[in-house]
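Accompanying notes for the structure given below.
The values are calculated or read from the model by the stated rules, or taken from the named source; none is laboratory data. Not measured: the values here are computed from a predicted model. Please note: Cβ atoms are built from the backbone with ideal geometry, for glycine as well, and neighbour counts cover all protein chains shown.
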Amino acid sequence: MVIPRPRRTAVALAREATGLLELPRLALRFPTLALQPRGRGEPVMVLPGYGADDGSTLVLQGYLRWLGYRAQGWELGRNDGAVPRLLPLATQRVEAIADAAGAPVALVGWSLGGYIAREVARDLPARVTQVVTLGTPVVGGPKYTSVASAYRRRGVDLDAVERAVRERARRPIRRPITAIFSRNDQIVSWQACIDTRSPEVEHVEADATHVGLGFPPDVFRILATRLARGGGAGSR
């Protein structure tokens, strides 16, 4: 599959900005969202995307807590994209949450946060119940995203990163994964979000921008149903 790289044009950025319009829709659909399956205090950790911190996922965390989950952020500050530094810290955080709860943790990751969540699950399958990703590139690292140039300016060899990502993927993730993606994503090429290696992955397409993936009512509904059933397999 040929994967195009998103272009940071004025039109693309304008389309992404419309993602914030999902917030009013979310409020209007709350009566329906309130009827979704409820949790029973299971721990959930939500990981933010590149350039963001836990403040970007407060709405998502709040909804999951309202459903009855013990949802919390990753508490690691801003996601600056330094995966080699952040992954061990996120792993320690998951271990701490699992130990405190006496139960494994469900991971919900937005964009790069989803990549880190996947890698934690790859390394700690016994501490993770499932992973849900929102617009997460699983191919190429940042290479097929609109922030590729930012990594290049930092001296990052994107081809080497792509090879490293491909090498880690040789060891499958042994936990259920729900990969939510959007063809309207102007930040991450949707083709890079398709996971062809994990044995238990379900791909679900959403109608949203990348910025808006953390707010659409349909995404909240998908998240609620997947967390309630403990993950899923297959794709659609």
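What to note about this one:
- Residues that are among the hydroxyl-bearing types (Ser, Thr, Tyr) and over 12 Å from the mean Cα position of the chain (by Cα), drawn from the range 117-146: Thr129, Tyr144, Thr145, Ser146
- Scanning the range 99-114 for residues that are surrounded by 24 or more Cβ atoms within 10 Å (Cβ to Cβ) and not in a strand (DSSP E or B) turns up Ser111, Leu112, Gly113, Gly114.
- Here the condition is being modelled with pLDDT of 95 or more and part of a helix (DSSP H, G or I); of Arg93, Arg15, it holds for Arg93 alone.
- Among the candidates Arg174, Arg152, the residue that is among the basic types (Lys, Arg) and free of Cβ contacts under 8 Å to residues at least 40 places away in the same chain is uniquely Arg152.
- Restricted to the range 171-215, and to residues there that are of a type in the set (Ser, Thr, Tyr) and surrounded by 20 or more Cβ atoms within 10 Å (Cβ to Cβ), the residue that is farthest from Ala126 (Cα to Cα) is Thr209.
- Pro137 passes every criterion in (1) in a helix (DSSP H, G or I); (2) more than 23 Å from Pro104 (Cα to Cα); (3) touching a strand residue (DSSP E or B) at 6+ places or on another chain (Cβ under 8 Å) apart from (1).
- Residue check, Pro88 in contact (Cβ under 8 Å) with a residue 12 or more places away in the chain and either in contact with a helix residue (DSSP H, G or I) (Cβ under 7 Å, 6 or more places away or on another chain) or in a helix (DSSP H, G or I) (or both): no
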